[in-house]
Amino acid sequence: MTEEHFIEVENLVIEAGGRKIVNDVSFKAKKGEVVALIGESGSGKSTIALSLMNYAREGCAITGGSIKVGGRDVRGLKGAALKDFRGKTVSYVAQSAAAAFNPVKRIKNQIVEAATLHKSMSRAEAFARQKELMHTMALPDADNIGDRYVHQVSGGQLQRMMAAMAMINTPEVMIFDEPTTALDVTTQVEVLKGFKDMIRERGVTAVYVSHDLGVVAQVADRILVLRDGEVMENAPAKDLLERPQSSFTQELLSASETRLLELQPEPEHDVVLEASGVLAGYGAIRNGMPQYPVLEDINFRIKKGQTLGLIGESGSGKSTLGRVLAGLLPAAKGQAKLNGRDLDLANAQHRRKQDRQDLQIVFQMADTALNPRQSNAEILGRPLKFYHGMTGEARRKRVLELLDMVRLPASLADRSPRELSGGQKQRVNLARALAANPSLVICDEVTSALDTVVANAVVELLVELQRELGLSYLFISHDLGKVEAMCNEVMVLYKGREVERAPRDRLTAAPEHAYTQQLVAAVPQLRQGWLEEVTAASAAGPQTYRAGQ
Amino acid sequence: METTSASVTERRRLRLPNWPLLSMIGAVIFLFWVFIAVFGDLLTPYEPGEFVDSWNVLGPMTADYWLGTDYLGRDVLSRIMTGAKYTVGLPFVTAALALLFGLILGVMATLLSKTVDTAMSWLMDTVNSLPSTIFALVAVAGFGTSIPVLIIVITILYIPSAYRNVRSAAINVSKMEFIDAARVRGEGNMHIIFREILPNIIPNLLTHFGIMFIYIALLLSGLSFLGLGIQPPEADWGALVSENMVGLSYGAPAIFAPALCLLSLTVSMTLMVDAVSHQKKDR
């Protein structure tokens, strides 16, 4: 191959406040190739991608190295030339399309904006091209969907429209910055397919930023593995996936695989939580029905030392169930028994202190679940005093024990949660629940804000604690891998109703309900060509549950 | 990691030096005025009511009378120093009172039922819609002017803005999951207010206190300028400007000095507010 490299980045250095956040990064891409940047949060992957547009976030500066796109020196571009380059040669697809579109303007007007702004074509031409792109992205009713507003389309559709917006000037380079991270897996498949078709059809050179190896395996020709701003490995996708060289890549690969953790056998009796006929929703309640029902007719029981997994896409009502059980949202109907005592689902004011102590909830966002104005010792000390009346030395001792239990050093006790990393925060969050000595812990998406390796460690910790303390969990997640790893039994929710319940091994091996089948099939796998298989299969399949349409 | 966390704890211990230079200058000026407000009466070079130089009214700045003499030949510096307790003290007291009531009502509105919130917000908006100077004028005309009347009227006028500020800040905090966590635990409202919400809205409260202070200082000076605020023989800075109006055409320091003092007071407060609100952003 004598083909010229279209993107050439050499010895790139980006600094923030005197610290090198990207250090000596080099990579090349031929025309039409897709290069993936993969790494954990803080690895500098987005920063590198943005530097291709000669853009550095506030407080950062590109201080060394060269960036060439199509033979042009990007770092030398200034003023009008840079503006022209950004709109026409390079374009950007951001993670959250919902935040990138203006909600009060019709989508098509926003899509053609880049074209009319750069005067690259007339308005009429731009609208014609907009329709064409909507077809390329396989959007339903492609001719007219652009007339809609943001709230009238689904998240996956909006993400594809954002790609269409980026394509309007037929750029030569596209930057995808975690474009499917905010989407459900079932939606992700369609969006990835759309991206891939478009890249191939239009011969675009792309840089794809992601933390998900499974996703990257589907779209990339070459993968760069980054860690703390440095390249750990740079290899063609196939080689990297099959024969990873660096130990960090191997770690990432093994972390993305689902490992079934060893769980406790099911006891004969000892039902910890039993719920039946739970119905809940939002809005005024009339004749026992809320105005907007979210959950209907939910029944389950969790035995001692067991974990029930709750899986479903966003809007399926899984978090609502957690909030109802925790007493944050009153249920319209339904009964529950906790350790044999009635648990009031309709009015949390009537709950006994013992009930509150036995049932604890751990929230998804450790950032907002810990009061930043309190130290970790105060956060953990409060439930000790509240439930067990502990004070002084005894409380301090127990706080340190709790930190040890979640594998955190005692030196963190007097720190503020603001000083902790995401994984550490989530451990403190968990320790607070453990402080109550609960029998059941509701884990609401506790791993979804964490990097893969850190999330796996949290899941392992949960299982260890379960073994040590005989805890039961209701584990709410959208991540099938995590649910499979640690749940004895899994309930699949779809639009507020249970569609299937099965032991973990049966669920992925032989899903019965069409939605579960689709869900299982949509989890990206670490091999190339998986995307094509899946989309071919779903096109042939008789029944498809379409998300959000 | 180690070094950054060390510097964070240090910052918490010594917060002032972390302010930008301008805000530090503001703090110095403000503390100077607080000092004068407290001890001004004891430190005046002359009796504030004494006609020290009746032959030379509206006189220039001299070694004897640093800021000149006023329209009756009294020492301007001494009068400014005794007036400081009104111009600095009254806004301080009223802003603090308004903030206290605003805090109680605002937090109640967030935590009690939606009906209480709506009713309270309507009431507050009603009060807020009254033009403050006119309302103060009417109240002073009706009840006569005295320091207690001024304090009550101005406090009532500023409760709504404090209430709005506290309520919006408290609502933001109360949406956080750590509040949910406290509720699930079964905590009472008092714990949630004092331990969970309040520490998180203190920067907002400080900022708003500063802004109210500035507005109230200006409103009080305006009232005094119109002759409805502090009554003679006592005088705050607004009254000093007003009584020396004749001096305007002579360029007498007696009229500019109190005006500049008022300016330096409000600007120094603004600079301090800047520092607090920036810190809030850094959080």
Output the residues belonging to the stretch A:333-379 that are in contact with a helix residue (DSSP H, G or I) (Cβ under 7 Å, 6 or more places away or on another chain), assigned to a loop (DSSP other than H, G, I, E, B) and within 11 Å of another protein chain (Cβ to nearest Cβ).
A:Phe363, A:Met365, A:Leu370, A:Asn371, A:Pro372, A:Arg373
Which is in contact with a strand residue (DSSP E or B) (Cβ under 7 Å, 6 or more places away or on another chain) and either closer than 23 Å to A:Leu158 by Cα or in the same structural domain as A:Arg160 (by TED's automatic domain parsing) (or both), of A:Ala114, A:Ala61, A:Ala81?
A:Ala61
Meets criteria (out of contact with any Gly (no Cβ under 7 Å at 6 or more places or on another chain) and in a helix (DSSP H, G or I)) for B:Leu219:
yes
Suppose we keep only residues that are within 26 Å of the chain's Cα centre (by Cα) and aliphatic (A, V, I, L, M) within the stretch A:135-160. Which one would you say is surrounded by the fewest Cβ atoms within 10 Å (Cβ to Cβ)?
A:Ala138
Search result, residues across the stretch B:105-117 that are part of a helix (DSSP H, G or I) and touching a helix residue (DSSP H, G or I) at 6+ places or on another chain (Cβ under 9 Å):
B:Leu105, B:Gly106, B:Val107, B:Met108, B:Ala109, B:Thr110, B:Leu111, B:Val116, B:Asp117
Scan (1) crowded, with 17+ Cβ neighbours inside 10 Å; (2) over 15 Å from B:Ile179 (Cβ atoms) for the single condition A:His350 breaks and write down its number.
(1)
Looking for something in a strand (DSSP E or B), assigned by TED's automatic domain parsing to the domain that holds A:Ala80 and in contact with a helix residue (DSSP H, G or I) (Cβ under 7 Å, 6 or more places away or on another chain) - is there at least one such residue anywhere in the stretch A:191-206?
yes
In the stretch A:434-462, the residues that are over 12 Å from the mean Cα position of the chain (by Cα), in a helix (DSSP H, G or I) and either crowded, with 19+ Cβ neighbours inside 10 Å or not assigned by TED's automatic domain parsing to the domain that holds A:Asp355 (or both):
A:Leu434, A:Ala435, A:Val454, A:Asn456, A:Val458, A:Val459, A:Leu462
Somewhere in the stretch A:18-33, is a residue under 29 Å from the mean Cα position of the chain (by Cα) and assigned to a loop (DSSP other than H, G, I, E, B)?
yes
Selection from the stretch B:199-228 of residues closer than 22 Å to A:Asn376 by Cα and more than 9 Å from every other protein chain (Cβ to nearest Cβ) yields B:Ile201, B:Pro203
Within the stretch B:122-136, tally of residues that are closer than 20 Å to B:Ala95 by Cβ, at pLDDT 85 or above and not in a loop (DSSP other than H, G, I, E, B):
5
With A:Val207, A:Val225, A:Val189, A:Val215 as the choices, which residue is buried (at least 21 other Cβ atoms within 10 Å of the Cβ) and over 26 Å from A:Ile21 (Cα atoms)?
A:Val189
With respect to A:Cys487, determine if the residue is surrounded by 24 or more Cβ atoms within 10 Å (Cβ to Cβ) and either more than 14 Å from chain B (Cβ to nearest Cβ) or in contact with a Lys or Arg (Cβ under 8 Å, 6 or more places away or on another chain) (or both).
yes
The correct count of residues that are assigned to a strand (DSSP E or B) and either surrounded by fewer than 18 Cβ atoms within 10 Å (Cβ to Cβ) or not aromatic (Phe, Trp, Tyr) (or both) in the stretch A:1-16 is 11
Please enumerate the residues belonging to the stretch B:128-151 that are closer than 25 Å to B:Thr207 by Cβ, surrounded by fewer than 17 Cβ atoms within 10 Å (Cβ to Cβ) and touching a residue at least 24 places away in the same chain (Cβ under 8 Å).
B:Asn128, B:Leu130, B:Thr133, B:Ile151
Can you tell me which residues in the stretch A:397-430 are outside any helix (DSSP H, G or I), away from chain B (no Cβ under 11 Å) and surrounded by 17 or more Cβ atoms within 10 Å (Cβ to Cβ)?
A:Val406, A:Leu408, A:Ala413
List, please: which pairs have Cβ atoms under 9 Å, are six or more places apart or on different chains, and start with a residue in the stretch A:94-106 that is aromatic (Phe, Trp, Tyr) and end with one that is assigned to a helix (DSSP H, G or I)?
A:Phe101/A:Ile107; A:Phe101/A:Gln110; A:Phe101/A:Val150; A:Phe101/A:Leu158; A:Phe101/A:Met161; A:Phe101/A:Met162; A:Phe101/A:Met165
Return yes or no: is B:Ile201 at pLDDT 85 or above, buried (at least 16 other Cβ atoms within 10 Å of the Cβ) and closer than 30 Å to A:Ile361 by Cα?
yes
State whether one or more residues within the stretch B:62-73 are under 30 Å from B:Arg183 (Cβ atoms) and without any contact (Cβ under 8 Å) to a residue 12 or more places away in the chain.
no
Please give the number of the condition A:Tyr387 fails out of (1) at the interface with another protein chain (Cβ under 10 Å from one of its Cβ atoms); (2) modelled with pLDDT under 90.
(2)
For A:Pro267, indicate whether it is assigned to a strand (DSSP E or B) and more than 14 Å from A:Leu345 (Cα to Cα).
no
Scan the stretch A:17-39 for residues that are touching a residue at least 40 places away in the same chain (Cβ under 8 Å) and surrounded by fewer than 18 Cβ atoms within 10 Å (Cβ to Cβ) and jot them down.
A:Gly17, A:Lys20, A:Asp24, A:Ser26, A:Lys30, A:Lys31, A:Gly32
Please indicate, with yes or no, whether at least one residue in the stretch A:301-316 is surrounded by fewer than 21 Cβ atoms within 10 Å (Cβ to Cβ), away from chain B (no Cβ under 14 Å) and either in a helix (DSSP H, G or I) or modelled with pLDDT under 90 (or both).
yes
Looking at A:Ala163, A:Ala61, A:Ala80, A:Ala98, which one is at negative phi and crowded, with 18+ Cβ neighbours inside 10 Å?
A:Ala163
Filtered residue count, the stretch A:469-481, keeping only those that are in contact (Cβ under 8 Å) with a residue 40 or more places away in the chain and part of a helix (DSSP H, G or I)
2
Identify the residue in the stretch B:161-185 that is assigned to a helix (DSSP H, G or I) and of a type in the set (Lys, Arg) and, among all such residues, is farthest from the other protein chains (Cβ to nearest Cβ).
B:Arg164
Count, please, the residues in the stretch A:34-60 that happen to be outside any helix (DSSP H, G or I), farther than 24 Å from A:Asp84 by Cβ and either at pLDDT below 90 or not β-branched (Val, Ile, Thr) (or both).
9
Those residues of the stretch A:391-412 which are at pLDDT below 90 and under 20 Å from B:Glu196 (Cβ atoms) amount to A:Thr391
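The values are calculated or read from the model by the stated rules, or taken from the named source; none is laboratory data. Only a predicted model underlies this, so the values are computations on that prediction, with no experimental measurement involved. Glycine also receives a Cβ, built like all others from the backbone with ideal geometry; neighbour counts cover every protein chain displayed.
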